[in-house]
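J.: To start, I am sharing the structure in question, which I have written as structure tokens.
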Amino acid sequence: MTSSQWKPEDHIPKKITDLLKKENSDPNNYNCITAFYHTVSLLKEQKRTGWLDMKVPDPESIGDHMYRMSLIAMSLNKDRFQKDGKSPDLARCTEIALVHDIAESLVGDIVPNDPQVGKPEKHEREYSTVKYLASIIEPYNPAFAKELVDLWLDYEYQRTFEGTIVKDIDKYELMLQTFEYERLHNVHLDEFYSCQVVIKNPEMKKLAERLMQERTTFWASKK
Ligand code: ZN
């Protein structure tokens with residue numbers, strides 16, 4: 001299926017679209033915003049594809065992943081992230097982290113090596129979904145509808161300092177989760193650490209290195 005065929009409105013559950021059809025009888029637009037809340041609930045149910053492929057038992061959801069990323073963004077020390085003499089806006093990072101995978105509610109979690117869906121197609125589907133979600137929110141809260149798209153674009157195009165930090169947090173959070181599954185299930189999941197080389201920010205690199213030391217110590221203790 002190409003992007004010309006894939007439409008977010010075809011992937012939203014009927015029980016949610018039924019609410020949107022009642023828009024005319026809802027002058028306060030509560031149905032619209034409730035439909036948005038029901039849609040993001042799908043992020044709690046959707047398990048991350050990488051873990052399903054590896055048959056990790058009861059793996060985390062996309063919502064779980066974004067939740068911890070948001071806490072990481074909130075808790076970092078901004079003074080350790082300097083660029084051109086400025087610290088990042090970590091509140092903005094937290095907001096970006098909270099929405100960066102929101103399109104997966106309808107698109108699903110497409111992994112980078114998916115043979116069916118290439119990178120441009122993945123981008124098209126996700127961007128169209130974010131714009132669609134914004135159109136659902138807009139009657140209730142036009143300012144947030146615009147903000148949602150802006151936050152997502154910050155991440156997708158790495159167009160701000162904050163967007164680049166969240167990209168690094170995305171990889172770091174995956175490494176944390178990988179180690180936790182290794183420890184929990186006593187399995188090696190080496191390939192998931194390949195994302196470490198993508199981390200750019202020096203402070204995030206140090207955190208990732210620290211985690212890898214913890215992992216080395218763990219596996220050494222098992223010998
Ligand atoms: Zn993510």
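The values are calculated or read from the model by the stated rules, or taken from the named source; none is laboratory data. Remember, predicted model here, so these are calculated numbers, not experimental data. We place every Cβ from the backbone using ideal geometry, glycine too, and count neighbours over all the protein chains shown. Just the protein is used for accessible areas: all its heavy atoms, side chains included, with ligands, DNA and RNA removed. Shrake-Rupley method; radii C 1.70, N 1.55, O 1.52, S 1.80 Å.
J.: In whole Å, how far is the Cα centre of the stretch 147-174 from that of the stretch 66-132?
T.: If you average the Cα positions of each part, the centres end up 4 Å apart.
J.: Choose one answer from E95, E191, E173: the residue with the largest mean-square fluctuation in a GNM of the chain with alpha-carbon springs under 10 Å.
T.: Of E95, E191, E173, the most mobile in the Gaussian network model is E191.
J.: Which one, D109, D26, D84, has the greatest fluctuation when you compute a Gaussian network model over the chain with C-alpha springs under 10 angstrom?
T.: Result: D84 has the largest fluctuation of those listed.
J.: Name the most mobile residue of M66, M204, M212, meaning the one with the largest mean-square fluctuation, in a Gaussian network model of the chain with Cα contacts below 10 Å.
T.: Per the Cα network of the chain with a 10 Å cutoff, M212 tops the list.
J.: Quick one: with all protein chains in place, what share of the accessible area of the stretch 1-143 is carbon or sulfur, to the nearest percent (1.4 Å probe)? Numbers along the way, then the final one.
T.: Values: 4130 of 8080 Å².
About 51 percent, which is the carbon plus sulfur part of the accessible surface.
J.: If you don't mind, another one. What is the gain in length, in nm to one decimal, between H185 and R215 on full extension, counting 0.36 nm per residue of separation less the C-alpha to C-alpha distance?
T.: Length gained, H185 through R215: 9.4 nm.
J.: Let me ask something else about it. Give me the log10 of I(q) over I(0) for the chain at q = 0.07, 0.17, 0.18 Å⁻¹, as the Debye formula computes it from C-alpha points; what are the numbers?
T.: Calculated log10 I(q)/I(0) at the listed q: -0.25, -1.28, -1.38.
J.: I've got another one for you. Mind giving me the nanometre distance, one decimal, between the label points for D150 and D64, set 7 Å out from Cα along Cα→Cβ?
T.: Here the answer is 3.3 nm between the modelled labels.
J.: Accessible area per residue for the chain in Å², computed with a 1.4 Å probe and the full protein assembly in place, what is it? Don't skip to the end; give the middle numbers.
T.: Details: 12220 Å² over 223 residues.
Here the per-residue accessible area is 55 Å².
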